[in-house]
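Below: the structure, in structure tokens.
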């Protein structure tokens, strides 16, 4: 696992079920609400400080996701991306990387084609059985509850870039 993590230059993630708990909530006006974990955000900031790139590939889109991704300064955001392989190909080109240099975090069936290609495939703790079977690593934390932070720490510690200020 450490050898694979040392090669990672890009962390790519699904949104619903990875950066959120997977719940889709609508308010009384029909607006979609999302709940994001602040520690995941802190981890993403640490990753960016260390010089790694970030990408989000989601089959869905909503204003809350757009706002949070802008807030986190995610380098590449692909919404309404289904199948996800087209967006993934664009990530490889945009950042001039190969599969072995990408970690992808997913939780459900639409993530499988990308998970099968990446250098380090991650399933969140509450992912589907099929996704867990494909993963190099299954997080201890659930999606939307620190799973991204957990993976960021593993990557940065493997690369000697984890800095606690």
Subject >> Separation between Cα centres of the stretch 96-165 and the stretch 48-67, rounded to whole Å >> reply: 14 Å
Original post:
Taking the simple approach of a point 7 Å from Cα along Cα-to-Cβ for both residue 128 and residue 29, what is their distance in nm?
Top reply: 3.4 nm
Subject >> Length-normalised contact order of the stretch 2-158 in % [C-alpha pairs under 8 Å, at least 6 apart] >> reply: 31 percent
Original post:
When the convex hull of the Cα atoms of the stretch 87-164 is projected onto a plane and the area is averaged over all directions, what value comes out in nm²?
Top reply: 5.5 nm²
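Per residue of the chain, what 222 nm ellipticity follows from adding -39500 (n - 2.57) for every DSSP H run with n ≥ 4, rounded to the nearest 500? If you can, show how the numbers build up before the last one.
Values: 7 runs with 60 residues, N = 165.
Result for the chain, helices only: -10000 deg cm²/dmol.
Read-outs throughout are calculated quantities, based only on the coordinates presented, and are distinct from any laboratory measurement. Fair warning: this is a prediction, and the values are worked out from it, not measured in the lab. Every residue, glycine among them, receives a Cβ derived from its backbone with ideal geometry; neighbour counts consider all protein chains shown.
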